[in-house]
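A short reminder: the numbers here are calculations on the coordinates, not readings from a lab. All figures in this text were calculated on a predicted structure; none of them were measured in a lab.
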Amino acid sequence: MAKTVLIVEDEQSMQRALKNKLEHAGYTVLAANDGEGAVEALRSSKPDLVLLDLIMPKLDGISVLRQMKGDDALRAVPVVILTNLSSGDKVAEAMQLGTFDFLVKANYSLDDVLKKVNDRLGGP
């Protein structure tokens, strides 16, 4: 059975591009447009990995991470942060909350994201 990746990204073009890349590689992909949708998707599907934007409407990525870390069923789900923030308090806080890795949106390609997902999950 294919491993499931949840993409939490409010920018629709980026979300579609990531979804297409991961599905083409053999992953099952779920998507959420904001933090509230992410929490709902996490609780209903428990994905194998989350690609999480930090700056989103309704509930930001840090709040999503806090909820994940406070939930025994979700605490161990690996998270890769996708952000426009290359440094600063938000990224540091995300790393302290147990984030596996992060990619700065301006500096990565879809192949870079696929490599991070494959590295963490060992492939679909």
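What does the C-alpha gyration tensor say about the overall shape of the chain? Classify as rounded when a/c is under 1.5, otherwise prolate if a/b is larger than b/c, or oblate.
On the way: a/c = 1.36, a/b = 1.13, b/c = 1.21.
It comes out rounded by the Cα gyration axes.
Which of G35, G61, G70 moves the most in a Gaussian network model of the chain with Cα springs under 10 Å?
Highest fluctuation among the options: G70.
Nearest-5 percent of antiparallel DSSP beta bridges in the chain?
Rounded to the nearest five, the antiparallel share is 0 percent.
Would you mind checking the pairs K46/K115; K19/K46; K19/K105; K19/K69; K21/K58 and listing those with alpha carbons more than 23 angstrom apart?
Values: K46/K115 21 Å; K19/K46 17 Å; K19/K105 15 Å; K19/K69 25 Å; K21/K58 27 Å.
Long pairs (Cα-Cα over 23 Å): K19/K69; K21/K58.
Run lengths n ≥ 4 of DSSP H only: what is the helix-derived mean residue ellipticity at 222 nm for the chain, with -39500 (n - 2.57) per run over all residues, to the nearest 500? Could you put the intermediate results ahead of the total?
Values: 5 runs with 53 residues, N = 124.
Value at 222 nm, helices only, nearest 500: -13000 deg cm²/dmol.
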